Amino acid sequence: MKNRLSTLGILLTLGAFSSLHAQTMILEEKVDTTAPLQTNSFGKNSNHYVQLYTGLGLSFGRPHGGLAMGFSRNFSVGLRYKRKINAAQSLLLETQYSIYRQVFDLENSEGIFTNGIRRDSQFGNYQQFNATHQALELNIAHRFNFDWSRGNHLGVYLDLGVIGALGIAHRINAHDPLNDDATLAIKWKEQTGIKWAYGFTTALGYKQWSIWGRYYPEGALAFSDQSVWRGAGLQPYQVGLSLSIN
Amino acid sequence: MVKYNLVLALCFVFQMAFAAGPTKYRVFFTDKGQQTFSADSFFHPNALARRARCGVAVNPTDYPVYKPYIQATQPLVDEILMQSRWLNMLVVYTDEQRAALISQLPHVDHIAKAPQLQAEVMAKADQTAQEDQKEKNERYAAFQLARMQGERFTNQNIKGQKVRIAVFDAGFTNTNKHAGLAHLQIEATYDFVKDASFVYDYSWHGTGVLGCIGGYFNQEQLTGLAPEATYLLARTERHPGEYLSEEENWLEAAEWADKLGADLINSSLGYTEPRYFVEQMDGEYTLVSRAAQMAFRKGIVVVTSAGNEGSGRWKYIGAPGDADSVLTIGGINPFTDYRTNFSSFGPSSDGRLKPNVTAIGIALTASENGYGRLSGTSFSSPLVAGFVACYMQAFPHQNQHEVFEAIQQCGHLYPYFDYLHGYGVPQAWKAMGEDNPVETARWSLNWENDSLFLVIDEAYHQKHLAQDSQYLDKMNNYLHVEGHNGILAYYAVLRLKSRRTALLSTNDYEQGQMVRVHFEGITQEARIE
């Protein structure tokens, strides 16, 4: 009985195996009948092109400025209009919303800003300090397309531009870990009104990805022109990664 | 700040290297003016005969561009590069300011900047083997024609006589001296790149192409089916490196071929990226496709290669292979009888069947070293061009539409088709209305549960098993599923291993879709319930 069952098992296995391999597929192609044919290349280098993009980055401050490196970050989302000049060059107009969250460690830093904060009766007890800026930014850049087949592809490119920022909301959160984590929040905008800033931008990109950098002069979107508060404005160096959605 | 200025300056210098020189424009006129036109004196007698046969009346698109319009435009341009009577157009070099003035001339319909980009060569020829073995080469040459049953033509002395074939290529090096091509009747030549008549230089590509249309191997074995056709040779390509002017050269050459009475154009050329996107391969967008369409409307059958992008990023056919009325030719491997790995995929971007038919994509033909086996759809196209020439000789009263449809119906897979093989390799026995010399298989399609089975007739199976136990492994089985919009959702080539084989499961497809199967000369279909 055991032998018969084994034989039956073997036969069933062989039978299944042979039907599974009753044909040899040489080539096959599934066609997506709903989508238009497209190349895999990303991003047309069209005469006019609008892209949605988003980016994440880190802020870097001046020495002794109190900025906690690696903790200060920013996020932006925007719309880019690209106007092609020729195969190698384009003009970019980018409007974006950005939020910069800058973290300051007062305890471990010495500088005009940090000393000034400590001497301020409002903030004297607070050891950690966040300054969050929300801004609408307008970037105008010149793009140089270096891709070998750049005729119709985005490829590899370098952007150089100038950026203007309109501060729409600013907030300081001061944090005292020694005092039951008490926090003090100040909304700058209510006190200072509209703030403008300008700076410079650059980006090195490959298709939809790019590494970008921004430079803002000291005091950009700062609470006031007093040197003690200029350090809480937009930090001078922002570096990040950007992804174009379409 | 200083550093930024330096970077900006460097970028400025860099981009100057890429700055365009003179700008090319296409000037389209509103009409052909008041001119007298004598078709009898303008066209070669063969051109008039072709028009009469195809029912193509002379119309204003045949008139030359109106000379006073050219004279009025001339002061505003640096140079006139070409004139197109079909598109009523001049291609000129000028600047933006003068272009604006040209656009305001009363006889100008519109002016468009012509793109000035570099493109890549699409049709490539790689010499796969240097063969000194005469017998082997004879077999290869014989097979590339036997695959089309070409002996059905040659046995009846049908070799393209009285058919005029225009060949567009990058050059025809030593065609006038090559032993395999010395017999060709070459009536006219023109180099549209240099505006000269000499074409027997620049590229061996055209030499190989000619060999596949009507050449001989060692003066004994044909390498193409139309050795006795009349040839018109046009150089339209600058190789290596390409410029968009080549599409304008193609248009100009097509008008020249029309005027000289060409019945057939072979163009083993194609245009893809980075000039264009795949979604622009709709038969309407590119200049060369519109030119090919116009040639067809004038009664000329256009045969072109599908391209060698099948294993690359582009993947699909190029222009003018996307044009509706052009016979686009894919390549098959002579050893496996299905698509070569480089042959480009169809369909066109608007879903039309492409390629239309196929031929051997690794051909024995004239080359730089005498003879060689060259691979590329560049050489499958002229094999079919030779076939078409023989067909046109056999049926001289058919117009271009009838010839186009007939060639498709001659495909060995017809009515089955897919986007790699089209309707298959044209067969001369079909063209001549003869019986299939090869026994067709007997089989049926059966639905069992949710699976579609192909069942070979028992007697047929046993008979062939007795001759060759591995016979099934040498036969290709073609299968496609047609979507509701008429575009194929799936297609495959497979080899059966048993008499009864499950081909597909309905679970993977939608109700109502049509399945077609082609096996050994028979096509059957079944609808998915």
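Structure notes:
- Put simply, the amide H of B:D109, placed in the peptide plane, has neighbours under 5 Å in B:F28, B:F29, B:T30, leaving out anything fewer than 5 places away on its chain.
- Seen from B:V163, the other residues with C-beta closer than 11 Å to its C-beta sum to a net charge of +2, counting Lys and Arg as +1 and Asp and Glu as -1.
- If you take the Cα centroid of segment A:204-220 and the Cα centroid of segment B:375-425, the two points sit 57 Å apart.
- Highest average first, the peptides B:218-226, B:146-154, B:176-184, B:382-390 ordered by how many other beta carbon atoms sit within 10 Å of their residues are B:382-390, B:218-226, B:146-154, B:176-184.
- Calculated [θ] (222 nm, deg cm²/dmol) that DSSP helices of n ≥ 4 give over chain B, each run adding -39,500 (n - 2.57): -8000 deg cm²/dmol
- Candidates B:G376, B:G55, B:G310 compared by Cα position along the dipole of chain B: farthest toward the positive end lies B:G55, with charges placed on Cβ.
- For B:D457, the amide hydrogen comes within under 5 Å of the amide hydrogens of B:R442, B:W443, B:S444, counting only partners 5 or more places away or on other chains and with H modelled in the peptide plane.
- The mean count of C-beta atoms from other chains within 10 Å of the C-beta of residues in B:486-493, rounded to a whole number, is 5.
- Distance between the C-alpha centres of segment A:51-94 and segment B:466-529: 54 Å, rounded to the whole angstrom.
- Net charge of Cβ neighbours under 14 Å - reference B:Y419; Lys, Arg +1; Asp, Glu -1: -2
- Amide H contacts for A:G155 (H built 1.01 Å from N in the peptide plane; partners 5 or more residues away or on another chain; cut-off under 5 Å): A:K207.
- Protection proxy ranking of B:189-198, A:89-98 - average other beta-carbon atoms within 10 Å, highest first: A:89-98, B:189-198
- Solvent-accessible area, 1.4 Å probe, carbon plus sulfur percent, for chain B: 49 percent
- Scaled against 2.2 N^0.38 Å for its residue count N, the alpha carbon radius of gyration of chain B is 1.05.
- A 1.4 Å probe run over segment B:166-258, with the rest of the protein chains in place, finds 30 Å² accessible per residue.
- Area hidden from solvent between A and B (accessible, protein heavy atoms only, 1.4 Å, total, Å²): 3500 Å²
- Exceeding the 30 Å Cα-Cα cut-off - candidates A:K30/A:K84; B:K113/B:K194; B:K24/B:K259; A:K207/B:K113; B:K32/B:K315; B:K134/B:K177: A:K30/A:K84; B:K32/B:K315
- The HN-Hα couplings worked out from phi for segment B:76-93 by the Karplus form 6.51 cos²θ - 1.76 cosθ + 1.60 (θ = phi - 60°) are 9, 10, 7, 7, 9, 8, 7, 10, 10, 7, 5, 9, 6, 9, 10, 10, 9, 9 Hz, whole numbers, x standing for Gly and Pro.
The values are calculated or read from the model by the stated rules, or taken from the named source; none is laboratory data. The model shown is predicted, which means the values in this text are computed figures rather than measured ones. Here the Cβ is made from the backbone with ideal geometry for all residues, glycine too, and neighbour counts use every protein chain on show. The area values use the complete protein model at the heavy-atom level, side chains included, leaving out ligands, DNA and RNA. Shrake-Rupley method; radii C 1.70, N 1.55, O 1.52, S 1.80 Å.
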